[in-house]
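The values are calculated or read from the model by the stated rules, or taken from the named source; none is laboratory data. Nothing here was measured: the structure is a model prediction, and the numbers come from that model. Backbone-built Cβ (ideal geometry, glycine too); neighbour counts: all protein chains shown.
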Amino acid sequence: MAKDIGKLIYKKIKKYDKIVIARHVGPDPDAIASQIALRDSILFTFPEKKVVAIGAGVTKFKYFGLLDKLENKDFTDALLIILDVPTLDRVDGIEDLAYKEVIKIDHHPCDSKIADLEIVDDTASSACQLVAEFIFKTNLKMNVKIASNLFLGIVSDSDRFLLSYTTAKTFQIVSKLIDDYQLDFAPLYTNLYERPINEIRFHGYLAEHLTLTENGFAYVKITPEILKEYEVDHGTPSNMINDFNYIKEVLAWVFVTYDEKSELYKVNIRSRGPIINETAEKYHGGGHKFASGARCKKEEIDALLEDLDKVCKDYKESQM
């Protein structure tokens, strides 16, 4: 992270009395944890400011803290900080917001600059890693709750430090969080990994119905009826996608679910070698080389799956 950029962003935060912190639609633990941690850090440092973290809430992530309901009329000319999202069209809850300046902190690759100030590092494990680094390098304050949220966001998005985006810097930041705030981190894992029995059974359904092609591409289409049968929400498959890593025969895999709110199909894509984000970008999505997502219309799903199967085929042939 460029030291000067961090200082400039801190000055903007210090300048504005009203700050809105947002992240991408369909949030994961890293997105929720990073925005709540940054909100709480700013309020801890500047208690006189009005700072809100907005977007649709997720019940299972309420242990991070509560989100805020935004009264737009009260936040005219606010500073908008967007986290864990490369483009404005994927930010949740800002449609009617009259913001004055935009700051972005993100770890997804993006070719275009969309904010007045940006911290973008696609080698970072998570948005939480970048937020923690930003707080450590400025005069923003932290406490044990903020540190715990950042720790959990890093653990979640790095898949317990198993993914290639985990670097020496990741461990350095995690070590500082643990050491500076005496985190008793083992009990924190319960929030991330404890699941009710219906989710375990749903996990079995995913494994049983995974279609595997000869090219090492695996996928499963999950209907709203199946989600209702197992009493899980449409965000549950997203939280299970990394569990299917290290299957010997699988190079890349996809979960497809229907989002009734947006009337689009949400596609979670993961890979153990083939580059998938370029394909995701063709279908209104994007992300990292090995972890991406897309949102598609029904008529686009089969074409996306065929393209990803070809990506796996080409990769497989390149390894021979």
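Things to note:
- Those residues of the range 147-160 which are surrounded by fewer than 22 Cβ atoms within 10 Å (Cβ to Cβ) and in contact (Cβ under 8 Å) with a residue 24 or more places away in the chain, in sequence order: 159
- Positions within the range 146-171 being in a helix (DSSP H, G or I) and out of contact with any helix residue (DSSP H, G or I) (no Cβ under 9 Å at 6 or more places or on another chain), in sequence order: 168, 171
- Breaking point among (1) closer than 22 Å to residue 119 by Cα; (2) outside the structural domain of residue 40 (by TED's automatic domain parsing), for residue 154: (2)
- Matching residues, the range 202-232, being loosely packed, with under 14 Cβ neighbours inside 10 Å, out of contact with any strand residue (DSSP E or B) (no Cβ under 6 Å at 6 or more places or on another chain) and at negative phi: 204, 207, 208, 214, 223, 225, 228, 229
- Restricting 267, 250, 220, 256 to residues that are in contact with a His (Cβ under 6 Å, 6 or more places away or on another chain), outside the structural domain of residue 111 (by TED's automatic domain parsing) and modelled with pLDDT of 95 or more narrows the list to 220.
Yes/no matrix, rows are residues, columns are (1) of a type in the set (Phe, Trp, Tyr); (2) touching a Ser or Thr at 6+ places or on another chain (Cβ under 9 Å):
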residue	(1), (2)
9	no, yes
26	no, yes
35	no, no
44	yes, no
49	no, no
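- Among the candidates 230, 189, the residue that is modelled with pLDDT of 95 or more and out of contact with any Phe, Trp or Tyr (no Cβ under 8 Å at 6 or more places or on another chain) is uniquely 189.
- Residue check for residue 287: touching a Gly at 6+ places or on another chain (Cβ under 7 Å) and either farther than 25 Å from residue 63 by Cα or not polar (S, T, N, Q) (or both): yes
- Between 188, 212, 183, the distinction of being hydrophobic (A, V, I, L, M, F, W, C) and within 30 Å of residue 296 (Cα to Cα) belongs to 212 only.
- Here residue 60 clears all of (1) modelled with pLDDT of 95 or more; (2) of a type outside the set (S, T, N, Q); (3) farther than 22 Å from residue 263 by Cα except the condition numbered (1).
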